[in-house]
Structures are given as structure tokens and as C-alpha cells.
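Written out below as C-alpha cells is the structure these notes cover.
Readers should treat all values here as calculations from the given coordinates under stated rules, not as data from a laboratory. Everything quoted here is computed from the prediction, not taken from an experiment. Don't worry about glycine lacking a Cβ; one is built from the backbone with ideal geometry, like all the others, and counts go over all protein chains shown.
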């Protein structure tokens, strides 16, 4: 039986409570989360400054030894440039720059001469576009003071964190949501399965749960299986042999726009799970934040139910 998806008369009140719940968390904890990330990022920027001799040596040697600093270097220009803009300005393959930033490595398929040529182009673009209003020492023939360098590093850290502010908040919120689920389950005698103890999702022992479990699914029209991650998988304490666990997807949002853009994601995931494991797959959303009636109606029409974080006790109505 549905728990919330079949009760549209209380959706409006739930949405209001969920928005208040999210905003209270954001005002109390998001600034600290952002601040701590900014401090760590500042240290990374200072390390990049050290490696490049305060941005006076952006050559192939240092870029080859520390490829991932390209992201910091992009934020050191005036104006800061996106990854694709650096690709266009330098004429360097996207494969090279994406590998450098995302994987901290250079493509193994390229020989040393090609790599050096590509890194030379990257260094030239960065050096030419350096923000000399921030890196004031680049206009003078003398070393920068420690205070000036640190101040510049904080500016670049702000630029980096500004570009990833939403993921920072989203990750912190997801960690908090999963911790909330874990606390609720622990209080009721459930056992957390460590990664080394994991089995197939439908073979988890009764009264156990795990987080971020990959479940293989068969895509329609394709022979190859792929894995899809599920945030929390819980096997009820009174589960019978052959019963499937409850699959929980944690979702949070700080505005209404993005939720309606992304509402098809859950429907696709559920469709894939049901196609592979049958219509009796138990999948629910764990919602906190800006999820309006349009979003809820869409999910309900797809046969997806949910639990609001501000009313956590509803988890019990799903057999837990």
C-alpha cells in the first residue's frame, strides 16, 4: 500500500514543512560546510603556487608532474576560464585536459613530444591571461610577501568553491540524510553491513542494511548489464525468504527549478530495476527540501512513493 503518494491532500503542507526543514539546516550548517571546504581549497591553491613558483613557472615539467593543478590555474586568469574555453584557446585535445583535471594524469597513448607540446600551449595561455590585479607580484621584479600570496590564494579558492558551491552543499546534505537513516535503523536494532560483508542486494540478511550499493540491471534492448547505485538498501527484520529489500534514494534540493528538471531520473531508475527484477521492487525516495506538487505528482504517476525527512517515522510504514 502507498504511504504518501496516494495522499495528495497533504502534499501542500508537507512541501511547506520540507522547505522549512531544509532552510533551517542550510542556515545552520551550510556556511560551516562551505567555510571548511574553502579552507581546504586554499591549502590546495597555496600548494599549486608553491609548485609553480608563485605562477612564474607554468611549464611542461610541473604540469606533467602535477596535472590536476590545471583546474586551479584556470581560476587564476582574468576572467577565469571554463575547461572548454581552455581547450579552445590552447588548441589542446579535450582528452588531455580532462584527464589532467579529472584523473590527475596524462593520456598514456601520447608520446613525450606530443605531451610536452600540449603542456607548453596550456602554460602559454594561462601565463598570458593571469589576473595581474590579484597576482600583483607578477608586475614587479621581486618576490611576493607571504601575506600577499595567501590573500591571492583565498581569492582563487573562492572562485573554485563558487563554481562547485551546489555540489558542496548537496554532498553535505546527502551525508546528513544517510546518517539520519542509519541512526533511525540502529535505534530499531538493524545491523550495518560493511563493504566486505556485502552480498547481492536481494540476499542481504533480514534486519541488515548497507549504503551506496551497486545493483546490476539489464537495460532494455541491450545485452550488457550495467550497475546503478542505490543510496540505502534495507532488508526488513521480518523479511521472508525471497523477499526483496527496500531501496531508498536520498534526494535533497535547495530550489524548485532543479527538482522538476531532474524528476525523470528516478522514473528511469525504477523502470530499469523493474525490468530486471520484476514489478515487486520496493523503491522509495527520501526527500528533503524543495519538492513541489508537480514533482510529487510525476513520481506518484510512475508508481514511486516517498518518505519526508521531517516525518521520518513513515519509514516504519514501509515494513521497517
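Can you give the extra length, in nm with one decimal, that the chain gains between residue 98 and residue 146 once fully stretched, where that is 0.36 nm per residue apart less the Cα-Cα distance?
14.1 nm is the gain from fully extending residue 98 to residue 146.
Once Rh is set to the Kirkwood radius over Cα pairs, what Stokes-Einstein translational diffusion coefficient, in µm²/s, holds for region 234-320 at a temperature of 10 °C and a viscosity of 1.306 mPa s?
D, rounded to a whole number, is 116 µm²/s.
Over all Cα pairs of the chain, how is the pair count split among 10 Å bins, expressed in % and running from 0 up to the last occupied bin?
All Cα pairs, binned at 10 Å, distribute as 5, 21, 23, 20, 18, 10, 2, 0 percent.
Applying a 10 Å radius around every beta-carbon, put 29-38, 105-114 in order of their mean neighbour count, most first.
29-38, 105-114
Using alpha carbons only, how many degrees (0 to 90, rounded to 10) separate the axis of helix 146-163 from the longest principal axis of the chain?
Tilt of helix 146-163: around 40 degrees.
Along Cα→Cβ, 7 Å out, is where each label goes; now give me the distance between the ones at residue 191 and residue 164 in nm to one decimal.
Computed distance between label sites residue 191 and residue 164 equals 3.7 nm.
Report, to one decimal in Å, the Kirkwood hydrodynamic radius for region 34-164 based on all distinct Cα pairs.
Averaging 1/r across every pair of different Cα atoms and inverting gives 14.9 Å.
Stick to Cα atoms and the Kirkwood definition of Rh, then tell me Rg/Rh for region 156-238.
Rg/Rh for region 156-238 comes to 1.12.
Just need the Rg to Rh number for region 49-101, please, alpha carbons only, Kirkwood Rh.
Reported Rg/Rh (Cα atoms, Kirkwood Rh): 0.94.
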